[in-house]
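Q: Below: one structure in structure tokens.
Values in this text are rule-based calculations from the coordinates and carry no lab data. In this text the structure is predicted, and so the values were computed from the model without any measurement. Using ideal geometry, Cβ is built from the backbone for each residue, glycine included, and neighbour counts are taken over all protein chains shown.
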Amino acid sequence: MTDPALDLLPDGVVVADADGRVTAINAVAVTMLAAGPVERALGRTLADVLALTDHDGQAWTAANSPYTGLATRKAVPEQAWLLPDGTEVLVTARLHREVRVGPVSAVAISLRSGRGRARLDRDRSDLVATLAHELRSPLTGVKGFVHALLNRWDKLTDEQKLLMLTTAGADADRLSRLITELLDVARIDTGRLQLHRRPTDLAVKAQRVRDSIGVVTSTPIELECDPDLPLVTADPDKVMQVLTNLVENAVRHGSGTVRIRVAPWAEDPAYVAVTVTDEGEGIPVELRKRIFTKFWTAGTGGGSGLGLYMVRGLVRAHGGVVSVDDRPGGGALVLTAWPVAT
């Protein structure tokens, strides 16, 4: 009889003795390997039960020879193999020896679905493709204006030079923000995000964001700040990142006028809220949780798909709140609430 505790494991497990006979197998492995009832698999040879092949048709036991080879070998590293139905699984094995360089007394094999790794590979490919696109656009602008200035300096008016330099500077700022955004996403994922908190004026930060984005967009951006707002405890640079992402997102995906409002949060006066609204189609209720996940994009407006994921991570790291709702009259409303400085 096999150990029933093995059936509690999420991965498939097969154990064989010194003679290469299966002594234990769990239900997950039985299903993966189509080995029939557990009782039927027990006592059979490992080569018979472990029906795994590579793309050339070679069996796992033949390729890895778990009972032969170097006497110091303790494991078989993780490899991708195919089940009888063609599904990819990740297989690793531990080789047990009663003495340090003695014969193998038992082989324990773990089988894990390859879907998780495939999904991770797709995410990485998506990230590379997204970054290549996002980085190329502003970089092309910077290079184009710089070359135009170098090649036609004497023929350009001061107004043309100023416009080119201003636009190139804005594109360079966009590149810098994207790189910072990527670094922050990585730090959020690994729990290594560091915040340099100090009393911060949200109204001032919102004004700077409005002025910065207003230079490079034809979309009207209005700002309304309540008087005598308290300072909040926050990292000023992270506040700028959050507000820049929210306003750029509203400009990219919305229509009409983008409005920014800074005021005490109606739900809790211990927070100051920054609300960003647009006059677009809004965000359906069923999508409001998904928009804060990695690589989520909507429409044809572009974007890395990381901005709102970073927004939520940064605001929560400050002990703040992020919410999405409908704008009265149509459009989307994104609110971030920041704790007041004490």
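Q: Per residue of the stretch 328-341, what does 6.51 cos²θ - 1.76 cosθ + 1.60 with θ = phi - 60° give for ³J(HN,Hα)? Whole Hz please, x for Gly and Pro, Karplus curve as stated.
A: Residue by residue, the stretch 328-341 yields x, x, x, x, 9, 10, 10, 10, 10, 10, 10, x, 5, 5 Hz.
Q: Let me ask you something else. For Asp154, Asp48, what ranking results if the residue with the fewest other Cβ atoms within 10 Å of its Cβ goes first?
A: Fewest-to-most Cβ neighbours within 10 Å comes out as Asp154, Asp48.
Q: If neighbour count is taken as other Cβ atoms inside 10 Å, put Glu267, Glu159 in order from fewest to most. All intermediate terms of the calculation are to be shown ahead of the outcome.
A: Working: Glu267 12, Glu159 8.
Ranked by crowding around the Cβ, least crowded first: Glu159, Glu267.
Q: Which residues' amide hydrogens lie under 5 Å from the amide hydrogen of Ser105, considering only partners 5 or more residues apart or on another chain, with H built in the peptide plane?
A: Amide H to amide H, under 5 Å and 5 or more residues apart or across chains, Ser105 pairs with His96, Arg97, Glu98.
Q: Tell me the volume per residue, in Å³, of the convex hull enclosing the alpha carbons of the stretch 32-184.
A: Per residue, the Cα convex hull of the stretch 32-184 comes to 204 Å³.
Q: Same structure, new question: How much length is gained on full extension from Asp48 to Val99, taking 0.36 nm per residue of separation minus their Cα-Cα distance?
A: 15.6 nm
Q: FRET efficiency for Leu183 and Asp228, Cβ-Cβ distance as r, R0 = 35 Å, nearest 0.05?
A: Computed FRET efficiency for Leu183 and Asp228 comes out at 0.45.
Q: Please list, in chain and number order, the residues 5+ apart from Arg327 or on another chain whose amide H is under 5 Å from its amide H, with Hs placed from the backbone.
A: HN-HN under 5 Å from Arg327: Ala332, Leu333.
Q: For Lys155, list the lysines whose Cα falls under 29 Å from its own Cα; do not include residues on the same chain fewer than 8 positions away.
A: Leaving aside lysines fewer than 8 places away in the same chain, those within reach of Lys155 are Lys143.
Q: If only Cα atoms are counted, what is the Rg of the chain, and what is its Dmax, in Å?
A: Considering the chain through its Cα atoms, Rg and Dmax are 29.1, 89 Å.
Q: If you don't mind, another one. Using amide H atoms built 1.01 Å from N in the peptide plane, name the residues 5+ places from Ala341, or on other chains, whose amide H lies under 5 Å from its own.
A: Leu231, Val232, Thr233
Q: Among the DSSP beta bridges whose two residues both lie in the chain, what percent are antiparallel, rounded to the nearest 5?
A: Taking every DSSP beta bridge with both residues in the chain, the antiparallel ones total about 90 percent.
Q: May I pose another question? When the chain is fully extended, how far beyond the present Cα-Cα distance does Ala71 get from Ala108, taking 0.36 nm per residue of separation? Walk me through the numbers on the way to the answer.
A: Numbers: separation 37, 0.36 × 37 = 13.32 nm, distance 1.68 nm.
Contour length minus Cα-Cα distance gives 11.6 nm.
Q: Next up: What ranking do 206-216, 183-193 get when scored by the average of other Cβ atoms within 10 Å per residue, highest first? Mind showing how you got there, number by number?
A: Numbers: 206-216: 17.0, 183-193: 13.5.
Descending mean neighbour count gives 206-216, 183-193.
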